[in-house]
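Structure, as structure tokens:
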Amino acid sequence: MSYQDVYNRWKNDPEAFWMQAADAIDWDTPPSKALTDKGDHMYEWFADAKVNTCWNAVDRHVEAGRGEQTAIIHDSPITHSKREISYVELRNRVASLAGALRAKGVEKGDRVIIYMPMIPEALEAMLACARLGAIHSVVFGGFAANELAVRIDDAKPKAIIAASCGLEPGRVVHYKPLLDGAIDVATHKPDFCVIFQREQEVAQLVEGRDFNWHGFQYGVEPAECVPVEGNHPAYILYTSGTTGQPKGVVRHTAGHLVALNWTMKNVFNVDPGDVFWAASDVGWVVGHSYITYAPLIHGNTTIVFEGKPVGTPDAGTFWRVISEHKVKTFFTAPTAFRAVKREDPKGEFVKKYDLSCMDQVFLAGERADPDTIMWAQDQLQKPIIDHWWQTELGYPAICNPVGIELLPVKLGSPSLPMPGYDMKVLDEGGNELPPGELGAIVSKLPLPPGTLPTLWNAEDRFKKSYLTNFPGYYETGDAGMIDEDGYVYIMARTDDVINVAGHRLSTGGMEEVLAGHPDVAECAVIGVADQLKGQTPVGFLCLNAGADRDNAEVVKEVVKLVREKIGPVAAFKLAVVVDRLPKTRSGKILRGTMVSIADGTEWKMPATIDDPIILDEITEALQSLGYATA
Ligand code: COA
Ligand code: AMP
């Protein structure tokens with residue numbers, strides 16, 4: 001069947017399409033119907049089914065006789081260690097952990113926050129929650145205590161599962177003090193914490209509140225899988241919006257299972273038993289979907305990689321892991337390839353490894369620039385597939401579905417919409433734009449199974465963020481165009497979200513931190529183009545009148561403040577003091593114009609600008625940082 005046949009089959013009868021995809025899942029009670037229209041553009045998939053995610057990701061493979069197959073490979077160049085866990089071992093470990101959580105009172109519907117580095121125990125913690133029907137919320141290790149506290153207060157977890165430490169090149173990330181700090185700051189307090197003690201740093205436990213991962217499992221009854229309703233939340237994953245308050249994307253259980261399983265063959269072209277590697281982090285949606293859930297649901301072997309594309313120990317790490325573990329499909333972010341290319345432009349490391357096991361490479365998380373794609377194609381001689389999706393959607397929405405058909409590649413486009421997505425480009429008034437014209441990228445409602453049904457405890461925000469501007473459509477927040485062949489091109493965000501090294505960050509959140517500095521009267525943060533990370537944040541500060549401070553000192557302090565409040569992942573290292581910010585006459589800061597000046601792209605003097613002279617000062621400030629030189 002061609003891509004077009006599959007897409008048409010979906011378009012002609014979306015519910016029948018997804019009901020058929022649902023046959024691949026082990027149901028306790030199969031769904032009687034696919035879609036429930038809840039009114040007001042709110043939908044749910046497979047709502048009346050009963051099912052358990054952990055059963056589908058783990059136990060059923062053991063029951064089917066594949067218990068000895070490797071489920072997880074932990075490859076950690078940063079600790080010089082490797083380890084494999086079979087499906088039967090995984091089942092036993094997860095059942096025991098779930099039993100211990102249950103013995104401490106965790107039940108279906110309770111929230112559990114997971115704050116862990118790239119170790120198999122992170123996946124086991126997620127699966128143990130799924131086993132009990134508890135709703136996990138994984139927080140990325142690069143976030144600081146304050147960000148963790150915001151998530152604790154929003155999700156109100158009964159328990160927090162954390163590791164004693166994470167490891168970044170050249171430094172230990174002390175998770176436990178960050179966790180303790182977050183619990184101190186948060187209004188909500190968890191009943192208890194479970195700490196996985198890593199040998200690289202053993203953390204001090206708080207008597208009565210903290211339990212040792214191994215110790216608290218002693219003597220407990222392993223837990224069986226608890227069937228949950230199809231519309232029961234499997235997890236909450238916080239992602240950046242326009243403000244410092246992150247959005248809690250909710251994922252319902254049944255749609256998540258059906259859709260992820262469908263993508264493994266149709267998009268990523270792997271069969272059960274194949275090794276699949278997504279080099280991301282469990283703290284991001286890529287990690288949720290393609291390190292933990294999809295490969296395991298589909299019966300693949302997944303790789304948990306604790307390292308970096310370069311420096312652990314060299315730019316050949318990716319190729320070593322691929323050849324050593326026989327990876328069939330590899331998934332990474334363009335920034336990672338840019339990092340490798342910078343160190344090994346001629347691909348000397350590529351030549352050292354036998355990569356014949358690998359059939360294709362997928363890139364996502366940020367725009368894949370044609371240079372990077374062409375470099376990877378030259379070096380690897382394999383299809384390099386750009387694909388587009390978002391935390392909200394959970395799996396590829398615009399893609400070249402290699403498992404169905406390798407479509408002609410158009411550089412700069414992630415290709416065509418997948419079944420489930422009827423994408424349009426609209427102008428500000430909601431009118432559909434012709435091919436080639438730039439506008440807001442939207443998809444007709446309902447969205448397919450596995451996409452966000454709402455935001456955690458924030459239905460109004462959900463509607464306002466995604467459903468209100470263009471009634472009847474889901475607003476992606478991205479701008480772009482569709483060409484005559486239906487290929488979609490993603491050009492930019494329509495909001496103040498930026499993408500730094502494939503990490504989605506809120507400039508609004510950074511501005512909130514800068515504004516908290518006692519000497520800062522006003523500020524703006526923009527994302528400027530960066531050769532390695534795609535974008536990098538730059539802050540502009542106006543100091544309080546009479547603040548008799550050395551500008552360089554204030555800059556140093558705000559850089560430190562963002563690292564402390566948001567975390568190292570914000571990669572906020574550049575700021576500059578200016579007298580005034582460019583604004584419209586109604587007082588809106590002209591961030592878009594500042595970005596164009598920084599990047600040296602074409603821009604027009606905004607008709608509504610209050611005082612054009614300010615732009616000269618902004619240009620000079622940017623030049624002092626090495627930007628706006630074109
Ligand atoms: N825990 C704690 N700190 C973390 C962290 C984690 N899990 N992950 C990253 N950080 C820190 C980094 O150490 C760095 O700190 P520093 O300022 O002290 O150097 C900072 O956060 C910024 O991280 P990042 O932007 O990821 O840069 P990096 O120095 O780690 O290098 C590249 C990243 C450039 C090598 C890049 O190619 C890469 O691999 N990016 C990650 C791509 C990715 O997986 N994206 C996920 C979406 S698919
Ligand atoms: P996240 O929710 O962190 O996955 O970030 C999603 C956002 O990253 C999208 O809305 C896009 O802005 C950007 N993005 C992800 N993948 C791509 C891609 N293949 N091309 C261009 N932008 C992308």
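The values are calculated or read from the model by the stated rules, or taken from the named source; none is laboratory data. This one's a predicted model, so the numbers in the text were calculated from it and none came from an experiment. Every residue, glycine as well, gets a Cβ built from its backbone with ideal geometry; the counts of neighbours run over all protein chains shown. Keep in mind that these areas ignore ligands, DNA and RNA; they rest on the heavy atoms of the full protein, side chains included. Shrake-Rupley method; radii C 1.70, N 1.55, O 1.52, S 1.80 Å.
Brief remarks follow.
- Applied to the stretch 30-42, the Karplus parametrisation 6.51 cos²θ - 1.76 cosθ + 1.60 on θ = phi - 60° returns per-residue 3J(HN,Hα) values of x, x, 7, 8, 7, 10, 10, 8, 8, x, 6, 6, 10 Hz, with x for Gly and Pro.
- Average accessible area per residue (Å²) across the chain - probe 1.4 Å, nucleic acids and ligands excluded: 38
- Mean Cα-pair separation over length for the stretch 83-216, i.e. relative contact order, pairs under 8 Å, 6 or more apart, %: 22
- Cut-off under 5 Å, modelled amide H: who pairs with Asp110 long-range: Ile135
- Residues Arg9 and Leu433, FRET efficiency given R0 of 25 Å [Cβ-Cβ distance, rounded to 0.05]: 0.35
- Spin-label model distance (nm) - Ser2 vs Asp271, 7 Å beyond Cα toward Cβ: 2.5
- Using θ = phi - 60° in the Karplus curve 6.51 cos²θ - 1.76 cosθ + 1.60, the 3J(HN,Hα) couplings for the stretch 3-20 round to 3, 4, 4, 5, 4, 5, 4, 5, 5, 5, 7, x, 5, 5, 4, 6, 5, 5 Hz; x is entered for Gly and Pro.
- For the pair Asp28 and Glu343, a Förster radius of 56 Å applied to the C-beta separation gives a FRET efficiency near 0.65, rounded to the nearest 0.05.
- Packing-based order for 328-335, 492-499, using average beta carbon neighbours within 10 Å, highest first: 328-335, 492-499
- Ranked packing of 238-246, 315-323, 170-178, 424-432, most packed first, by mean Cβ within 10 Å: 315-323, 238-246, 170-178, 424-432
- At R0 = 22 Å, FRET efficiency that the Cβ-Cβ distance of Trp603 and Glu484 yields, to 0.05: 0.20
- 5 angstrom amide H check on Asn300, placed H, neighbours 5+ away: Gly273
- Exceedance of the 24 Å cut-off in Cα-Cα distance is limited, within the set Lys50/Lys108; Lys33/Lys328; Lys82/Lys158, to Lys33/Lys328; Lys82/Lys158.
- Peptides 134-143, 58-67, 604-613, 443-452 ranked from most to least packed, by the mean per-residue count of other Cβ atoms within 10 Å: 134-143, 443-452, 58-67, 604-613.
- The stretch 523-580: GluC sites (Glu not before Pro) in DSSP coil with no more than 10 other Cβ atoms inside 10 Å: none
- One Cα centroid belongs to the stretch 173-221, the other to the stretch 555-587; the line between them spans 33 Å.
- Take the Cα of Leu406, step 7 Å toward its Cβ, do the same at Ala515, and the gap between the two points is 5.1 nm.
- Cross-link pairs exceeding 18 Å between alpha carbons, from the set Lys247/Lys573; Lys38/Lys444; Lys176/Lys573; Lys156/Lys189; Lys326/Lys382: Lys247/Lys573; Lys176/Lys573.
- Accessible carbon and sulfur surface of the chain relative to its total accessible area, %, 1.4 Å: 49
- Centre separation in Å (Cα based) which lies between the stretch 9-68 and the stretch 79-135: 23
- 19 Å reach of a label modelled at Lys82, 7 Å along Cα-to-Cβ, counting backbone N of the stretch 294-316: 301-316
- Relative contact order (percent, whole number), the stretch 323-463, Cα cutoff 8 Å, 6+ residue spacing: 16
- Between Gln623 and Tyr218, full extension at 0.36 nm per residue minus the direct alpha carbon distance yields a gain of 139.7 nm.
- The stretch 263-289 and the stretch 325-348 have Cα centres spaced 17 Å apart.
- Distant-in-sequence amide contacts of Thr454, defined by a placed amide H-H separation under 5 Å and a gap of 5 or more residues or a different chain, comprise Val250.
- Neighbour net charge for Glu428 - beta-carbon separation under 13 angstrom, K R +1, D E -1: -4
- In sequence order, the stretch 549-564 has phi-based couplings of 10, 6, 4, 4, 5, 4, 4, 4, 5, 6, 4, 5, 4, 5, 4, 6 Hz under the Karplus curve 6.51 cos²θ - 1.76 cosθ + 1.60, θ = phi - 60°, and Gly or Pro positions carry x.
- By the rule of a C-alpha distance below 16 Å, with chain neighbours fewer than 8 residues away ignored, the aspartates and glutamates paired with Lys352 are Asp314, Glu324, Glu343, Asp344, Asp378.
- Taking the chain and dividing mean pair separation by its residue count, relative contact order in percent (alpha carbons under 8 Å, at least six apart): 12
- Ordering Gly215, Tyr489, Ser443 by Cα displacement along the dipole of the chain toward the positive end leaves Gly215 in first place; charges were set at the Cβ atoms of Lys, Arg (+1) and Asp, Glu (-1).
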